[in-house]
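Participant: First the structure, then my questions, so here it is.
The values are calculated or read from the model by the stated rules, or taken from the named source; none is laboratory data. A quick note: this is a predicted structure, and the numbers were derived from the prediction, not measured. Because the Cβ atoms are built from the backbone with ideal geometry, glycine has one as well, and the counts that use them run over all protein chains shown. Protein only, heavy atoms only, side chains kept; ligands, DNA and RNA dropped before computing areas. Shrake-Rupley method; radii C 1.70, N 1.55, O 1.52, S 1.80 Å.
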Amino acid sequence: MAAQVPHSDRRLVAARRALVARGVHLVPAAVTTSLLGVANETWERFRAHWDELGPDTYAAEQGTCRLRRYGRFAWSAATDRVRLLPRADFVQPENSNPLYIGVSRTLEPLTESFAADPVLRAALRLLGQVATALDDPAEWIAKVHPFRVIASEDANGLPTPEGRHRDGVTLVSSLLIGRHNAAGGESAVFDPDGRRLLTITLDEPGTLLLGDDRRTLHSVSAIRPVDRSHPAYRDVLVVTFAPG
């Protein structure tokens, strides 16, 4: 069972301050899993949800093999309550993803077991507490995207086929769930003038990359198989927060 994240935890306070100061912050896996109260066996159970994702036909149009699902939640700092919202298409606003601005994408919803998973709920509360360092609306809307990017001998996997972009939200986060037989997948974060703020390859499950999406842009390089005779994959949970 995932634990409630204390608002006063010094590691959370440090992450909030660093994000405000730089616009980007990396939380090591040991810190993230400790804040979430997740043991190894719990993490493995949570990771199994990534074996139940559906094809992303929109990414396939760009030549990328990617699996995903999508769901929306509401969270309030006043109540710390996480509430699943009705299914809806995914639409990104102007000045965000150049491939899909204004495009209504119909995606497979989160499974019931994933939406109710205590680890996901704890992650949403943790990220909500981070988001309040950036803004203070009465309610936040969290958009949840579990992704699996697959690479083969014949095709590299592109986590961000759109290239450098922003998501049109307040907080953007990427939590590494797992990697298999994968090289590459370097995450890069830039300021609006193109200056590189951070470059990191998320390689340890539980590593969490946080970004103030209003002040930064981000991208992830292609993955490729280490052993070309077998496929590679990279599993991440991308969650964004924006005022409701």
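Participant: Might you check whether a residue that is open to solvent by 40 Å² or more (accessible area, probe 1.4 Å) and farther than 30 Å from Ala77 by Cα occurs anywhere in region 170-181?
Facilitator: Residues of region 170-181 that are open to solvent by 40 Å² or more (accessible area, probe 1.4 Å), as a first pass: 179-180.
Then keep just the ones that are farther than 30 Å from Ala77 by Cα; that gives 179-180.
Scanning region 170-181, I find at least one residue that is open to solvent by 40 Å² or more (accessible area, probe 1.4 Å) and farther than 30 Å from Ala77 by Cα, so the answer is yes.
Participant: Another question, if that's okay. For the subset of region 138-171 comprising residues that are part of a loop (DSSP other than H, G, I, E, B) and among the aliphatic types (A, V, I, L, M), which member is modelled with the lowest pLDDT? I'd like the intermediate steps shown before the answer.
Facilitator: In the first step, residues of region 138-171 are kept if they are part of a loop (DSSP other than H, G, I, E, B); the result is 138-139, 152-156, 158-164, 166-170.
From the residues that got through so far, the ones that are among the aliphatic types (A, V, I, L, M) too are 138, 155, 158, 169.
Details: Ala138: 96, Ala155: 83, Leu158: 88, Val169: 95.
Per the criteria, the residue is Ala155.
Residue-by-condition table, conditions (1) open to solvent by less than 30 Å² (accessible area, probe 1.4 Å); (2) in a loop (DSSP other than H, G, I, E, B); (3) within 28 Å of Ser34 (Cα to Cα):
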site: Ile200; (1), (2), (3): no, no, yes
site: Asp203; (1), (2), (3): no, yes, yes
site: Gly206; (1), (2), (3): yes, yes, yes
site: Leu210; (1), (2), (3): yes, no, yes
site: His218; (1), (2), (3): no, no, yes
site: Ser229; (1), (2), (3): no, yes, no
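Participant: While we're looking at this one, here's another question. Of these, Gly157, Gly163, Gly185, which one is more than 30 Å from Asp136 (Cβ to Cβ), in contact (Cβ under 8 Å) with a residue 12 or more places away in the chain and touching a Cys at 6+ places or on another chain (Cβ under 7 Å)?
Facilitator: Testing whether each residue is more than 30 Å from Asp136 (Cβ to Cβ), in contact (Cβ under 8 Å) with a residue 12 or more places away in the chain and touching a Cys at 6+ places or on another chain (Cβ under 7 Å) leaves just Gly157.
Participant: Report, by residue number, each residue of region 110-137 that is of a type in the set (Gly, Ala, Ser) and outside any helix (DSSP H, G or I).
Facilitator: Ala116, Ala133
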